[in-house]
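Read the structure below first, then the notes.
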Amino acid sequence: MNTLKFENGDLMPIIGLGTWKSEPGAVYNAVKEAIRLGYRHIDCAFIYGNEAEIGRALKESFEKGMVSREQMWITSKLWSNSHNPADVEPALMNTLADLQLDYLDLYLIHWPVALKKSVVFPESPQDMIALVDLPLLKTWTAMEAQLDKGLCRHIGVSNFNISRLQALCNDARLKPEMNQIELHPYLQQPGMLDFCRSQEIHLTAYSPLGSQDRPPGLKTANEPVLLEEPVITDIAGRHGITPAQVLIGWAVQRETAVIPKSVNPGRMKENLAAAGISLTSEDLREIEKLDRHRRYVSGDFWAVEGSPYTVADLWGEK
């Protein structure tokens, strides 16, 4: 398995199991099966609502000797209603309790958006806190403190644009070690890739297969289906692999981590096998032409009328 190397020498398996949208009752079996198949990287988040079930699967896997804690890479994320510095450690401790772990390998700020403590998801502008009132640097400083306490081994962010990453690199004691963002052939983000390479910040690709199973409220009419893209299916046919394996292999060859979600054992096995795929330079040139700057997760749910957040500001595309 390819890995991404961190400054302290830690190695993160480049392919992980995504757990966003994995239903309760299914994610337990999926995590145990993933470990049996050889996955050593599980991507989690408080807001997914399934960390307790994942924790039971991890605990049982450790107890049965299927894998040791040290062999696993577990990522989770701080939700937006815990950006107040006083709330960061309790949120992390809650995640650790649910996952039945003593530490995380990687802890991320999930979105550069702040909510009031009592709000899980905003229904009105009054549910939100503007970043001028609760700056990301304050939240990040509290994240640094969790690293200092040994509650996580690495810290990073998710859904941050280049300017927000640059601000943390300029102003924080420790720069982010990871940015988890939407990445796939329809949204290739070459500028972000170049910036993160220049700053030695790793990237993780979410929704790498186009996230067709995301909630209906996040979908639009007549949106393109990445797994049915003719260029991708043609490349898959030439190599005798699946379109999903092409997409995962493309992410791996860009040296970005990738976290396809599945609860299907056959698909999980295929996804993991994509680590061994080698796309040709011709394949890569064809895929490069597919970039549409098309987001499947637009972030417009933060931009309700009267909100201090806009989609353009979120992605730095004013």
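None of the figures in this text is laboratory data; all of them are computed from the coordinates on show. Remember, it's a predicted structure, so these values are computed and weren't measured experimentally. Don't worry about glycine lacking a Cβ; one is built from the backbone with ideal geometry, like all the others, and counts go over all protein chains shown.
Quick look at the numbers
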| item | result |
| --- | --- |
| Calculated from backbone phi, Karplus (6.51, -1.76, 1.60) coupling profile of region 71-87 in Hz, x at Gly/Pro | 7, 9, 10, 10, 10, 9, 9, 7, 7, 5, 8, 10, 6, 4, x, 5, 9 |
| Loop trypsin sites (Lys or Arg not before Pro), region 50-101 (other Cβ atoms within 10 Å of the site Cβ: 14 or fewer; DSSP) | 64 |
| Identified option (computed Cα extents along the principal axes in Å; candidates (i) 87, 47, 44; (ii) 54, 50, 37; (iii) 53, 47, 37) | (ii) |
| Derived scalar couplings ³J(HN,Hα) [region 41-51; Karplus, 6.51 cos²θ - 1.76 cosθ + 1.60; whole Hz; x for Gly, Pro] | 9, 10, 9, 10, 6, 3, 5, 5, x, 9, 5 |
| Estimated FRET transfer efficiency (residue 60, residue 301; beta-carbon r; R0 45 Å; 0.05) | 0.80 |
| DSSP beta bridges in region 100-196 [antiparallel fraction, %, rounded to 5] | 35 percent |
| Prolate/oblate/rounded label for region 183-262 (Cα gyration tensor, a/c 1.5) | oblate |
| Separation of alpha-carbon centers, region 246-318 and region 39-55, rounded to whole Å | 20 Å |
| Selection from 220, 106, 293, by position along the positive dipole direction of region 3-315 (Cβ) | 106 |
| Extent along principal axes [Cα atoms of region 119-196; Å; largest to smallest] | 36, 35, 22 |
| Note, ³J(HN,Hα) from phi for region 204-209, Karplus 6.51, -1.76, 1.60, rounded to Hz, x at Gly and Pro | 10, 8, 9, 6, x, 9 |
| Paramagnetic reach from residue 286 in region 230-274 [backbone N under 18 Å; point 7 Å along Cα→Cβ] | 230-254 |
